[in-house]
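The next block holds one structure in the form of structure tokens; read it before the comments.
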Amino acid sequence: HDHWEIDPSELVKGKELGTGCFGTVYEAWWKDNIVAIKLMKPGSMSEDSFIEEAKTMTQLSHPNLVQLYGVVTKQQPLIIITEFMKHGSLWQFLKSKVPGILNETERLIMFCVDVCKGMKYLESRKCIHRDLAARNCLVGQNYVVKVGDFGLARHVIDDEYSSSYGAKFPIKWAAPEVLKYTKFSSKSDVWAFGVLIWEIFSGGELPFANMSNAEVVEIICNKDERLKKPKACPHSVFTQMMNYWAQKAEDRPSFKNILSCLLEILETFK
Ligand SMILES: COc1cc2c(cc1NS(C)(=O)=O)=CC1=C(NCc3c(C)cccc3C)N=NC=21
């Protein structure tokens, strides 16, 4: 990966943008371009998780994935440099209620299509995101939405990937097989995608807001209950969403199938 290695003296750090689970993100300047950099807080996590994220990002490139520009792995602090997304995280953007943008059904479906295109690419590369949520997507120029934060992404040989993942898991975005056996797959990413589009049509509300994690595990695994249709969500989209939450992973559609469905629905709102 040496051609990704950059000289940190070429970076000029700007203001802090936020702190994610894998480090702190800043605005920065690199070769006269504005970029975003993520610095690994020394000793805050295992170095190879950070290196793993950088390595995963060097192998992926798609208009709906946050593009990697370079890494600093040969000295501390470890740094990942990516394209700058001017409107920040999708979750912050949805909460900001930007007038005129978020009340357009067509625009909201376009957000779903953008994320789906990025996830279809990851699916085709046998890459499982494992933490797909509005907080881990970013909004750029012309309100394009891109999938980011590959901190937990893993390249797996086959589609199934079970792990004894110990860290705190985002329960409210997790599929039943993930809650029961931490069994990850592109189909568990599809489940999380369903929760993400629920977030998009709910203006960034917390899913199962008045329920504890334990209660969510109970209703998802044993009661077969699901999130309700958000007011702003068309029935055509909600019907698709319910398919993404099929109890059995194999009954959920692939991102490939989902994209063609969403594009058909988008046409009816043009
Ligand atoms: C304008 O506001 C922002 C802009 C960005 C941003 C956060 C905010 N603000 S906030 C917290 O949403 O309020 C995070 C990034 C980013 N890449 C992040 C990234 C790096 C650097 C390394 C590996 C993986 C990833 C995804 N590119 N642009 C922005």
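The values are calculated or read from the model by the stated rules, or taken from the named source; none is laboratory data. Computed from a prediction, not measured in an experiment: that's the story for all the values here. Backbone-built Cβ (ideal geometry, glycine too); neighbour counts: all protein chains shown.
Identify all residues within the stretch 131-143 that are away from the ligand (no atom under 12 Å from the Cβ) and touching a Pro at 6+ places or on another chain (Cβ under 9 Å); write none if there are none.
Ala133
Six or more apart or on different chains, Cβ under 7 Å: which pairs go from a residue in the stretch 30-45 that's modelled with pLDDT under 90 to one that's surrounded by fewer than 20 Cβ atoms within 10 Å (Cβ to Cβ)? Could you list them?
Met40/Pro77; Lys41/Thr24; Pro42/Gln76; Pro42/Pro77
For the subset of the stretch 87-124 comprising residues that are touching a Leu at 6+ places or on another chain (Cβ under 6 Å) and within 21 Å of Pro234 (Cβ to Cβ), which member is surrounded by the fewest Cβ atoms within 10 Å (Cβ to Cβ)?
Val113
Out of Ile34, Ile79, report the one residue that is within 15 Å of the ligand (Cβ to nearest atom), surrounded by fewer than 18 Cβ atoms within 10 Å (Cβ to Cβ) and farther than 30 Å from Ser236 by Cβ.
Ile34
Output the number of residues of the stretch 79-137 satisfying the condition of being part of a loop (DSSP other than H, G, I, E, B) and among the hydroxyl-bearing types (Ser, Thr, Tyr).
1
From Glu47, Glu16, Glu10, Glu5, grab the single residue that is more than 19 Å from Glu83 (Cβ to Cβ) and surrounded by fewer than 15 Cβ atoms within 10 Å (Cβ to Cβ).
Glu47
I need a count of the residues in the stretch 184-221 that are in contact with a helix residue (DSSP H, G or I) (Cβ under 9 Å, 6 or more places away or on another chain) and assigned to a helix (DSSP H, G or I).
Of the residues in that region, 22 qualify.
For the stretch 169-197, what are the residues that are farther than 17 Å from Glu218 by Cα and acidic (Asp, Glu)?
Asp189 - this is the single residue of the stretch 169-197 that is farther than 17 Å from Glu218 by Cα and acidic (Asp, Glu).
Kindly evaluate Thr82 against the criterion of being on the phi < 0 side of the Ramachandran plot and modelled with pLDDT under 90.
When the stated conditions are applied, Thr82 does not pass them.
Within the stretch 19-31, take every residue that is at negative phi and crowded, with 20+ Cβ neighbours inside 10 Å and give me the one that is nearest to the ligand (Cβ to nearest atom).
This residue is Val25.
Which of (1) assigned to a loop (DSSP other than H, G, I, E, B); (2) surrounded by 15 or more Cβ atoms within 10 Å (Cβ to Cβ) is the odd one out, the single condition Leu262 does not satisfy?
(1)
Restricting to the stretch 3-29, name every residue that is at pLDDT below 80 and either of a type in the set (Asp, Glu) or assigned to a strand (DSSP E or B) (or both).
Selection gives Gly20, Gly23.
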